[in-house]
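J.: Here you go, one structure.
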Amino acid sequence: MSLKQNLHNLKEKYKGTKMAPAFNAIHTFLYMPNEVTHGGTHIKAADDLKRTMNMVIISLIPCLLFGMFNAGYQHYAAIDPSLRDNVLANFFTFDNLWIGIIKVLPLVIVSYGVGLGVEFIFAIIKGHEVEEGYLVTGMLVPLIVPVDTPLWMLAVAVVFGVVIGKEVFGGTGMNILNPALTIRAFLFFAYPTWMSGDKVWVYDAVNRAGTADAISGETILGSYAQNQEVIYSNWDKFMGFIPGSVGETSTFLILLGAAFLIFTKIGSWRIIVSTFLGAAVMGMIFNQVVAADIITSSSKFYGLMSTAWWEHLMIGGLAFGAVYMATDPVTASQTNKGKWIYGFLIGFISIMIRVFNPAYPEGVFLAILLMNVFAPTIDHYVVQGNVKNRLKRAKVKTA
Amino acid sequence: MSKDIRIKKGLDIKLVGVAEKTTTQSSLSSVYAIKPEDFHGITPKLIAREGAKVKAGEALFHSKSDERILFPSPVSGTITEVIRGERRKVLTVKIAADTQQDYKDFGVKDASKMSGEEVKNHLFTAGCWPFIKQRPYDVVANPNQAPKAIFISAYASAPLAADLDYTLAGKEVELQAAITAISKLTSGKVHISVGAKSNSPFEKLSGIELHKVSGPHPSGNVGTQIAKIDPINKGEVVWVVTPQDLVIMGELLLTGKFNATRVVALTGSRFEKPQYVTAIIGAQVSQFTSGNLNTDNTRIISGNVLSGTKIKETGFLRYYDNQITAIPEGDDYEFFGWNKPVFDKVSTTRAFTFSWLNPNKKYDLTTNTNGEHRAFVVTGAYEAVFPLDIYPMQLLKAFMYKDLDEMEALGGYEVAPEDFALTEFICVSKQPHQKIIREGLDLMRQELG
């Protein structure tokens, strides 16, 4: 008997039992179900939620691979700064990748293992299907944490994020906050020393801190926040040869992913464009403030305020947030007009937090979580506009 | 003078099995069936009993709420069976047809000399009232409410739809008679929409407001046309008639006979020769499909693939339909179907789906859902195929949580289930949009009148 037939028989056997959702999750992973339409349209378009989510995962793979190489590269470059003189020759090496494999891959495995475990348990208890939302969340989480994040910490955060961020609202499609960012926020507030500062972004920097061969791993934002010189060129910043969370450093690859998402019509170009726009506007405002001499170099805000507006777009997690986080359709604004407003405010507030919060100069995830909460309000006013048009039309007709 | 309606949002789903323009005269089938559920929202009260003889045009049942609304027998013959369901609900009335058809005579009428009230009464007695449907709620028209306008879509844009220019050719006289009559029922206009490039018999008629529509489906949906021409506001009613039913009404006026014959398109990949046949409403489908239809694991639909009704091989042509579609059932598993590139299915995204590369390719789609039912996740996709000035997802959600104020405010009066057929087709979460809309409209009708 073929695998197909075997699985079909097992499905019939498990039907109606507690284990049915768990079995179906594995079955539908291998085979698209044999379900047919009943009422309504007799034919259906080719896409389902799995396919949609799969596109997002594919778009993240370059960032993940790059992040793995970068984990090793930043480690060795911190020990031997001369490596930075010839980045391309020293970047795609097996030694770098090996560090990525031993440091980044476990993050991915823990994220998926724990997250899907929680999803399966909830599906079995509540009797709903295992839904696809975590496929993307599970990939996003390792990409937005520092490379040295302890695995147990990540596991605790994932449990928190999936349960509080998603399952309590009813699962995929019902949540208010982006689950990946909920996990990130939990890590940030629960273990702040592991999520910020100058040691966590480079593998092994924590262990060596205070010793003779201590290595430095300041992110660009950290340097700017302390009004220090930045040692990286704009090319390095754009291509991503800099310390930072695993997957967020390469603006180039993120833009490539954005292009893929927009082309496949999975990601909202409105949100992506408007987030960059909002950030650029805020950056320009700060640049003008510096240009007008309102803030001088003695101010603690000077470093980040004087950063050129376009540079803001390619440092920190802004690009990653704009492309992969803000566009989450469940937590973003749902109307097209609302998406413009939503994205713009995310960009705008991100840079504002970045500049005014020197202790942790990364405002993107806070800005997105904040706007997640306001997205339904934005939609409400957009939809009310449509309702008003309808009422206006009625008056004109009856008058 | 014609006015142009251009639709940009929408989707043409090109399928294999377009009906070839030849019409076969089908012989009289032995059994006919009328299903009261075709007349949504009507509770039938039987007039004719099992075993009774009826003439074509004689009433089988009337609406419980309005005795004037009669539902006629399409043929003359003997009522063989009344199939009832739960709580004695009438499901089907079956009639064995006489070999020699006998029509009830309603008298020849000159519509131009009749008053609105006379036209109405004539349509009541001859059982033609059910052909007039109303918006809001998409049900048989309430004769006590005056419509602000009457809409007729003579342009079919649904997948594989019967070409109305072809099926109505030569029926100008009947159509004119019917138009003259129904225009007396409204103080407003009779709006007729034809395809921009078509050669429609309607173009020669008088007493109408002609519109030329172009663009992808759902440009031919009467709901789209109403929204563009004269949208429905709270408290307003419009009436809708299909052109094939106008022909029956016209013939009634001209000859005094209720002749429920229409030209029906046999479409879809499971027909060996997709073509047109003549058939009487309620006819057993096997009568004119046998020998032409591959019935092996086939879905037979009365109507089109987006909003038609699933019927059995031995099923019957439903009251308002002029199309029978047959497509393969898709009840098989597909290995890694969710992530491998697909070339044989239609999609509006480019998520490893390649129908965008080849917009003129014809597809042989099956009834597989291509995925499981999920909560709403993706946003912004419905808007791209939904030309009405309504937020489709917000309206669907309001219909699901049954907030009457929101249902009303977001456009509930303007929609019919078929307007949501395309959003249902592309829905990534495989939600039953048309069912949600139908149930919501029923609730609105019950609560708001």
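The values are calculated or read from the model by the stated rules, or taken from the named source; none is laboratory data. Because the structure is predicted, anything quoted here is derived from the model rather than measured. Here the Cβ positions follow ideal geometry from the backbone for every residue, glycine too, while neighbour counts run over all protein chains shown. The protein model used for the area step is the full one, side chains on, heavy atoms only, and it has no ligands, DNA or RNA in it. Shrake-Rupley method; radii C 1.70, N 1.55, O 1.52, S 1.80 Å.
J.: Step by step: first the residues of region B:303-330, then only those that are in contact with a strand residue (DSSP E or B) (Cβ under 6 Å, 6 or more places away or on another chain), open to solvent by less than 20 Å² (accessible area, probe 1.4 Å) and over 25 Å from B:Val140 (Cβ atoms), then the one that is farthest from the other protein chains (Cβ to nearest Cβ). Which residue is that?
T.: Looking at residues that are in contact with a strand residue (DSSP E or B) (Cβ under 6 Å, 6 or more places away or on another chain), open to solvent by less than 20 Å² (accessible area, probe 1.4 Å) and over 25 Å from B:Val140 (Cβ atoms), I get B:Ala326.
J.: Here's something else I'd like to know. Report yes if some residue within region A:9-17 is under 35 Å from the mean Cα position of the chain (by Cα), open to solvent by 10 Å² or more (accessible area, probe 1.4 Å) and within 14 Å of another protein chain (Cβ to nearest Cβ); otherwise report no.
T.: No: region A:9-17 contains no residue that is under 35 Å from the mean Cα position of the chain (by Cα), open to solvent by 10 Å² or more (accessible area, probe 1.4 Å) and within 14 Å of another protein chain (Cβ to nearest Cβ).
J.: Just to confirm my filter: which helices (runs of 4 or more DSSP H) fall fully inside region A:162-253 and include at least 3 residues that are out of contact with any Ser or Thr (no Cβ under 7 Å at 6 or more places or on another chain) and either within 14 Å of chain B (Cβ to nearest Cβ) or within 25 Å of A:Lys300 (Cβ to Cβ) (or both)?
T.: Passing ranges, in order: A:179-190, A:192-195, A:220-225.
J.: Filtering region A:54-97 down to residues that are part of a helix (DSSP H, G or I) and hydroxyl-bearing (Ser, Thr, Tyr), which residue is modelled with the lowest pLDDT?
T.: Looking at the filtered set, the residue picked out is A:Ser82.
J.: Still on this structure: Is there a residue being surrounded by fewer than 23 Cβ atoms within 10 Å (Cβ to Cβ) and of a type in the set (Val, Ile, Thr) anywhere in region B:408-415?
T.: no
J.: Which numbered condition in (1) without any contact (Cβ under 8 Å) to a residue 12 or more places away in the chain; (2) not in a strand (DSSP E or B) is the only one that B:Lys310 fails?
T.: Against the list (1) without any contact (Cβ under 8 Å) to a residue 12 or more places away in the chain; (2) not in a strand (DSSP E or B), B:Lys310 comes up short only on (2).
Conditions (1) under 24 Å from B:Ile226 (Cβ atoms); (2) open to solvent by 10 Å² or more (accessible area, probe 1.4 Å); (3) in contact with a Leu (Cβ under 9 Å, 6 or more places away or on another chain), marked per residue:
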residue: B:Arg84; (1), (2), (3): no, yes, yes
residue: B:Arg88; (1), (2), (3): no, yes, no
residue: B:Asp98; (1), (2), (3): no, yes, yes
residue: B:Pro130; (1), (2), (3): yes, no, yes
residue: B:Ala149; (1), (2), (3): yes, no, no
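J.: Quick one: which of B:Val54, B:Val90 is under 22 Å from the mean Cα position of the chain (by Cα), touching a residue at least 24 places away in the same chain (Cβ under 8 Å) and within 14 Å of B:Ile34 (Cβ to Cβ)?
T.: From the options B:Val54, B:Val90, the qualifying one is B:Val90.
J.: Out of all the residues in region A:246-265, which are open to solvent by 40 Å² or more (accessible area, probe 1.4 Å) and touching a residue at least 60 places away in the same chain (Cβ under 8 Å)?
T.: Answer for region A:246-265, where residues must be open to solvent by 40 Å² or more (accessible area, probe 1.4 Å) and touching a residue at least 60 places away in the same chain (Cβ under 8 Å): A:Leu255, A:Leu256, A:Phe260.
J.: What number of residues in region B:388-407 are touching a residue at least 12 places away in the same chain (Cβ under 8 Å), open to solvent by 10 Å² or more (accessible area, probe 1.4 Å) and either among the polar types (S, T, N, Q) or more than 10 Å from every other protein chain (Cβ to nearest Cβ) (or both)?
T.: 5
J.: Find the strands (runs of 3 or more DSSP E) located wholly in region B:78-164 whose residues include 1 or more that are touching a helix residue (DSSP H, G or I) at 6+ places or on another chain (Cβ under 7 Å) and of a type in the set (A, V, I, L, M), and list them.
T.: Answer list for region B:78-164: B:90-97, B:149-153.
J.: If you don't mind, another one. Where residues in region A:41-79 are open to solvent by less than 10 Å² (accessible area, probe 1.4 Å) and within 16 Å of the chain's Cα centre (by Cα), which of them is farthest from A:Val206 (Cα to Cα)?
T.: So, considering only residues that are open to solvent by less than 10 Å² (accessible area, probe 1.4 Å) and within 16 Å of the chain's Cα centre (by Cα), the one farthest from A:Val206 (Cα to Cα) is A:Met55.
J.: Give region B:221-256 a look and list any residue that's part of a loop (DSSP other than H, G, I, E, B), open to solvent by 10 Å² or more (accessible area, probe 1.4 Å) and within 22 Å of B:Arg318 (Cβ to Cβ), or say none.
T.: Answer for region B:221-256, where residues must be part of a loop (DSSP other than H, G, I, E, B), open to solvent by 10 Å² or more (accessible area, probe 1.4 Å) and within 22 Å of B:Arg318 (Cβ to Cβ): B:Asn221, B:Thr242.
J.: Of the numbered conditions (1) outside any loop (DSSP other than H, G, I, E, B); (2) surrounded by fewer than 16 Cβ atoms within 10 Å (Cβ to Cβ), B:Asp66 satisfies every one except a single condition; which is it?
T.: All conditions pass for B:Asp66, except number (1).
J.: Let me ask something additional. Within region A:18-46, track down each residue that is more than 7 Å from chain B (Cβ to nearest Cβ) and in a loop (DSSP other than H, G, I, E, B).
T.: The answer is A:Lys18, A:Met19, A:His38.
J.: Between a first residue in region B:286-302 that is open to solvent by 60 Å² or more (accessible area, probe 1.4 Å) and a second residue that is at pLDDT below 90 and outside any strand (DSSP E or B), which pairs have beta carbons less than 6 Å apart while being 6 or more apart in sequence or on different chains?
T.: Final answer for the pair search is B:Gln287/B:Ser29; B:Thr295/B:Glu313.
J.: In addition: Can you tell me which residues in region A:298-344 are open to solvent by 40 Å² or more (accessible area, probe 1.4 Å) and either closer than 29 Å to B:Gly380 by Cα or outside any loop (DSSP other than H, G, I, E, B) (or both)?
T.: Correct list: A:Tyr302, A:Trp309, A:Trp310, A:Asn336, A:Lys337, A:Trp340, A:Ile341, A:Phe344.
J.: Mind telling me which of the residues B:Arg438, B:Arg445 ends up being in a helix (DSSP H, G or I), open to solvent by 20 Å² or more (accessible area, probe 1.4 Å) and more than 10 Å from every other protein chain (Cβ to nearest Cβ)?
T.: Criteria check complete, one pass: B:Arg445.
J.: Now, a different point. Could you check region A:98-111 and list, in sequence order, the residues that are within 11 Å of A:Ala71 (Cβ to Cβ) and either open to solvent by less than 40 Å² (accessible area, probe 1.4 Å) or outside any helix (DSSP H, G or I) (or both)?
T.: Once the filter is applied, which keeps residues that are within 11 Å of A:Ala71 (Cβ to Cβ) and either open to solvent by less than 40 Å² (accessible area, probe 1.4 Å) or outside any helix (DSSP H, G or I) (or both), region A:98-111 yields A:Ile99, A:Gly100, A:Val104, A:Leu107.
J.: In region A:286-297, what residues are aliphatic (A, V, I, L, M), surrounded by 15 or more Cβ atoms within 10 Å (Cβ to Cβ) and part of a helix (DSSP H, G or I)?
T.: A:Val289, A:Val290
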